[in-house]
1. Pairs only if they're at least six apart or on different chains, beta carbon under 6 angstrom, first in the stretch 221-234 and in the same structural domain as His183 (by TED's automatic domain parsing), second in a helix (DSSP H, G or I) and surrounded by 13 or more Cβ atoms within 10 Å (Cβ to Cβ); list them, first residue then second.
2. Looking for whichever is within 19 Å of the chain's Cα centre (by Cα) and either at pLDDT below 90 or among the hydroxyl-bearing types (Ser, Thr, Tyr) (or both) here; the options are Asp206, Asp177. Which one fits?
3. Answer yes or no: is there a residue in the stretch 59-80 that is in contact with a strand residue (DSSP E or B) (Cβ under 8 Å, 6 or more places away or on another chain) and closer than 28 Å to Lys248 by Cα.
4. Six or more apart or on different chains, Cβ under 8 Å: which pairs go from a residue in the stretch 186-200 that's under 14 Å from Ser149 (Cα atoms) to one that's of a type in the set (Gly, Ala, Ser) and assigned to a loop (DSSP other than H, G, I, E, B)? Could you list them?
5. From the list Leu69, Leu23, Leu28, Leu94, pick out the single residue that is surrounded by fewer than 16 Cβ atoms within 10 Å (Cβ to Cβ), modelled with pLDDT of 95 or more and hydrophobic (A, V, I, L, M, F, W, C).
6. Can you pull out every residue in the stretch 167-185 that is in a loop (DSSP other than H, G, I, E, B) and without any contact (Cβ under 8 Å) to a residue 60 or more places away in the chain?
7. Enumerate the pairs (first residue in the stretch 17-33 and at positive phi; second residue anywhere and crowded, with 16+ Cβ neighbours inside 10 Å) with beta-carbon separation below 7 Å, excluding pairs fewer than 6 apart on the same chain, so at least 6 apart or on different chains.
Amino acid sequence: MLTIFTIPKPFLGRLETIQRNALKSWCLLKGGCEIVLFGDDEGVSEAAADFGVLNIPGINRNSTGTPFLDSVFTKVEGLARNSILAYINADIILMDDFLSAIKDVSKTMREFLLVGHRWDLKIDGAIDFSQGWQEQLRLKARHSGSLHSHAGIDYFVFPRGLVQNFPPFLVGRPGWDSWFIYHIRSKGIPVVDITKLSMVVHHNHDYSHHAQGRYGVWQGEEARYNLELAGGYHNLYTLKDATHILTKKGLLLNKSLYRFYRRLVAKSVTSPFYMLLYKLWRRFSDLVRA
């Protein structure tokens, strides 16, 4: 059913524990998934061998060694054995409700992009994946973790063949994930938020993997490159821009006022009438905030 692909960081120090926790959770999903690790950073091939998953070492990188995403998206389309693909950051713990949510959506939609919020949680050491680990992790996340904001986008699930000519964004830098939602929306394809029926857990971690730390990741030259390639901030959408929400009652249209605001911003560029509405909206928002 599902092929999961990712570009791990080097398996060094705490990152090795984090990524091995994530990989183990993927391997334990009921029904089994194909898992593909792209890249040849330290420890990647060894981890792939340990978990019995596929490793594709040859990926394009920039002059500083940061991988480009376009070659990865192109290659996975050609080698995946399954009809649905999932790009997931290598620090994300998945549980069985993830596959259940995918099945629920794929029964009613032929084309879609599935996204969702993550739960941030401090996890010390290797997870004990013995009987009942999912229930224990859910309880711990709700008690000690926190649901990340709408700007945190750590996974994308979509049918094979949906994504063509993916731009050469740099992985691990902001912009490309938000652009992906914008791009799918611009094609008229539904974007579904599955947070309500699928809990994914993210390991809290620092930014020591980058020479400039958090600043380098979020505001450095590579971040600016991604933003320019995306076409600017107007082309960056978030989880609030999902067209649908998966609930226990099924798929529901996302009727949040934020989507109205997004359309208002887009139309205000060319229409004096919508520009007036936009200014009134901003004035109203400022009064409410005050």
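1. Asn226/Trp176; Ala230/Trp179
2. Asp206
3. For the stretch 59-80, residues in contact with a strand residue (DSSP E or B) (Cβ under 8 Å, 6 or more places away or on another chain) and closer than 28 Å to Lys248 by Cα: absent.
4. Asp193/Gly116; Asp193/Ala242; Thr195/Gly116; Val200/Gly116
5. Sole residue among the options that is surrounded by fewer than 16 Cβ atoms within 10 Å (Cβ to Cβ), modelled with pLDDT of 95 or more and hydrophobic (A, V, I, L, M, F, W, C): Leu28.
6. At the first step, the residues of the stretch 167-185 found to be in a loop (DSSP other than H, G, I, E, B) are 167-169, 171-175.
Hit for the stretch 167-185 is Pro174, nothing else.
7. Within 7 Å, the pairs are Gly31/Leu99.
Here is a yes/no grid of residues against (1) in contact with a Cys (Cβ under 8 Å, 6 or more places away or on another chain); (2) surrounded by fewer than 21 Cβ atoms within 10 Å (Cβ to Cβ); (3) within 30 Å of Leu229 (Cα to Cα):
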| position | (1), (2), (3) |
| --- | --- |
| Leu2 | yes, no, yes |
| Pro10 | no, yes, yes |
| Gln19 | no, no, yes |
| Asp40 | no, yes, yes |
| Ser45 | no, yes, no |
| Asn55 | no, yes, yes |
| Arg61 | no, yes, yes |
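The values are calculated or read from the model by the stated rules, or taken from the named source; none is laboratory data. As the structure is a prediction and not an experimental result, all values here were calculated from the model. Methodologically, a virtual Cβ is constructed for each residue, glycine included, from the backbone with ideal geometry; neighbour enumeration extends over all protein chains shown.
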